Amino acid sequence: KGFFIFLSASSLSCGVDFEKMEAEKMELKLYNTMTQQKEVLIPINPGKIGLYVCGITAYDFSHIGHARAAVSFDVLYRYLLHLGYEVNFVRNFTDVDDKIIKRANENGENPLELSNRFCEEYLVDMGALQCLLPTHQPRVSDHMDHIVKMIEKIIEKDCGYVVEGDVFFSVDKSPNYGKLSGQMLEHTRAGERVAVDSRKRNPADFALWKAAKPDEPSWESPWGRGRPGWHIECSAMSEHYLSPRFDIHGGGADLKFPHHENEIAQTSAACEGGGVNYWLHNGHVTINNEKMAKSKKNFKTIREITASYHPLALRHFLMSAQYRSPLSFSESQLDSSSEGLYYVYQTLQDLDEALLPYREAMAEDGGKAEQTAEAKDIINKLKSEFEAKMLDDLNTAHILTGAYQDALKFINASLGKLKKMQKKQRMSLLVSLVEIEKAAREVLDVLGLLTALSYAEILKEMKQKTLIRAGLSEEVISQKIEERIMARKNKEFEKSDQIRAELTLQGIALMDIGKETVWRPCFPSQANSSD
C-alpha cells in the first residue's frame, strides 16, 4: 500500500492573521446551493467554522469521483485554516447500508468487517492525496443512540410514523421540502436507494429506521430491532459533533436530492432552529461524458490511478477545474498535471541546490540585505492573485499559472547570474530568491501540494511513476542515452533524433546539460525532438 504521513490541521501554517483579515476585509465568497448565488462567509461564531461533509459508503475501493469530493473540501478546510479560522471539520463514514450488506453477502463476509476494511483503505488513499485528517470521522455503527434519539424527536413532532417496525418521515410535514434541489414535492420520487413502499402515506416519504431482516446487522430501538435509513445518520451526527445549526455542509452534486433534501427535513423537524447556513456541492468527474459511478461500472479507483501517476499529480488534476464544475477525466489531463508539477518541484529543487553554497554567508548577513524591487513585485502579485482566486469561491482552475509561473521564471533566470554578481548585489538577489520560494511554498502548502518529503524525493517518485507508465527501466533509458551519444559521435543525427523522439512519445525527455545527458518526465510527444 505504501506509507503516507497524515497531516493534521495544526501542521498547516496559518498564512493570514484573523484580525488582520477582518481589518483588510478579506471576504471569502462561497456559492450557496440553497440561494444559488455567491455569498460572503459570515460564521455563526466569529473566528470559528463548523463544517460537515458527507463521506463514503464503505464497501469497495474509492474512485476518483470520491477523490474529487475529498480534495475539494480539503482545499476548503486548508484555506479556512490559512485564513485563521478554527475549524471543526466532520466527515462521516457510512458503514451500515444496503450496498454494504449486499457486497458482504456476495463475499461471505461480515458487513461491519467489510466496511471497516474499506474505511481503512479510504484513509490510505486520503493520505496519498495529502488530505488533512478531519477533526472527527464518525461511523454510523458507533452512533445508534444519537440516531434513535433524533428519530424519537421526529415522531414526537408528528413528522414521522411507524409501520410494522419501520419508521418513515412524512414529507408532507416539511413545508420547504424541495427548496435545496429545486424539486417540487409533487415531482419528487422515492429515495434512490429504496423501492416505493405501498405502506407510505406519500410515495416521497423516506425511511428513518428499517425493521431487522434475517442475516442483517441490527440494533435495538423502541420500534424493535433494525438499522437506520440512509439519511438520518448525517442529521444525527452533525447535530452531535457540531450543533443543530452550523456553518457549512458539503458533498457531491448528486447528494442534493434526495440525501441533503432529506437531511434538511429531518433536522428541521427534530431541532428547532436547526439547519445549515451554506450548502456547497462539488461537480462530478465524468468519463466519456457520463458521471463516473460504481453503478455504471465506468469508474477508475484512486488506487488504479496512483499505481502509475503520482498522487500529487492526481490531486492537481482534481483541482484543475473550479470545484463546482464538471471535470472530464483523461490520461492526457493527468499527464499535463504531472508535467506541470514536475516543473514546479524541479525549479524549487534547482533553487535549493543553487542556494546551498551561500547559506552560511546569508546567515552571517543577518537579514541586512533587502529584496530587489522586482522580487517584491513578483511576490505581491503571486500572493494577491492567489488570494483573489481563492476568495472567489475557491477558484483553483489555473491556480499555478500567471503570477506563479512568473515567480518560477524569475527563479530560473536568476540562478545562472549568482556566480557572476558582486557580493552586495548577490546577497540582495539571494534574499529575494529565498522570499520568493517562501511565497511559492505557502501556495503549495495551502493547496495540499507539499509533502513531508524533500523536492528531490518528490521528483524521484514522479520519475518512477513515469517509468511505470512508459514500461521502461532506468537501465533501458541509460542504454538509450548511450546509443544516442554514440550516434552523435558517429554523426548519425537521424538515428540520434529517432532515439530521442521515441522516448518523447513515451513521456521521457532527454536533456543535454553541459557534457551530460539526463532524462526528465514530459508530456508524451511534446518535447523538442530536434538536436
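Just a few scattered comments:
- Degrees between helix 111-128 axis and first principal axis of the chain (Cα, 0 to 90, nearest 10): 30 degrees
- Among residues other than Asp392 with Cβ under 13 Å from its Cβ, the summed charge is -1 (Lys and Arg +1, Asp and Glu -1).
- Folded to 0 to 90 degrees: helix 474-489 orientation relative to the chain principal axis, Cα: 30 degrees
- Qualifying lysines (Cα of each under 22 Å from Cα of Lys489; at least 8 residues distant if same chain): Lys480, Lys515
- Formal net charge of residues neighbouring Thr267 (Cβ-Cβ distance under 15 Å; K, R +1; D, E -1): -2
- Heavy-atom accessible surface of the stretch 31-99: percent carbon and sulfur, 1.4 Å: 49 percent
- Helix 423-446 vs. the chain, principal-axis angle (Cα, 0 to 90°, nearest 10): 20 degrees
- Computed E for Lys29/Ser328 - FRET, C-beta separation, R0 45 angstrom, nearest 0.05: 0.95
- Across the stretch 62-72, rounded Karplus estimates of 3J(HN,Hα) from the backbone phi angles (6.51 cos²θ - 1.76 cosθ + 1.60, θ = phi - 60°) give 7, 9, 6, x, 5, 4, 5, 4, 4, 5, 4 Hz, Gly and Pro being marked x.
- The stretch 115-188, accessible surface, carbon-and-sulfur percent (1.4 angstrom probe): 47 percent
- In the context of the full set of protein chains, the stretch 312-354 has a per residue accessible area of 31 Å² (1.4 Å probe).
- Accessible surface of the stretch 409-478 [probe 1.4 Å, protein heavy atoms]: carbon and sulfur percent: 52 percent
- When exposed loop sites are taken as GluC sites (Glu not before Pro) in a DSSP loop with at most 15 other Cβ atoms within 10 Å, the longest stretch of the chain clear of them is 371-491.
- Our summary gives the chain a relative contact order of 15 percent, counting only alpha carbon pairs under 8 angstrom and 6 or more residues apart.
- Each other residue within a Cβ distance under 14 Å of Arg139 adds +1 if Lys or Arg and -1 if Asp or Glu, for a net charge of -4.
- Two-site FRET efficiency, Met362 against Glu272, from Cβ-Cβ distance with R₀ of 60 Å, rounded to 0.05: 0.45
- Averaged over its residues, the stretch 447-518 has an accessible area of 58 Å² per residue, based on protein heavy atoms and a 1.4 Å probe.
- Positive-pole candidate from Ser337, Phe386, Tyr122, dipole of the chain, charges at beta carbon: Ser337
- For the stretch 113-153, the solvent-accessible area with a 1.4 angstrom probe is 35 square angstrom per residue.
- Amide hydrogen proximity for Arg139: with H placed 1.01 Å from N in the peptide plane, the residues at 5 or more positions away or on another chain lying under 5 Å are Phe93.
- Estimated dipole of the stretch 408-455 in Debye, rounded to 20 [Cβ of Lys and Arg +1, of Asp and Glu -1, Cα centre]: 520 debye
The values are calculated or read from the model by the stated rules, or taken from the named source; none is laboratory data. Just so it is clear, the model here is predicted, and its values are computed rather than measured. Quick reminder, even Gly has a Cβ in these numbers, built from the backbone with ideal geometry, and neighbours come from all protein chains shown. SASA here: full protein model, heavy atoms, side chains in, ligands and nucleic acids out. Shrake-Rupley method; radii C 1.70, N 1.55, O 1.52, S 1.80 Å.
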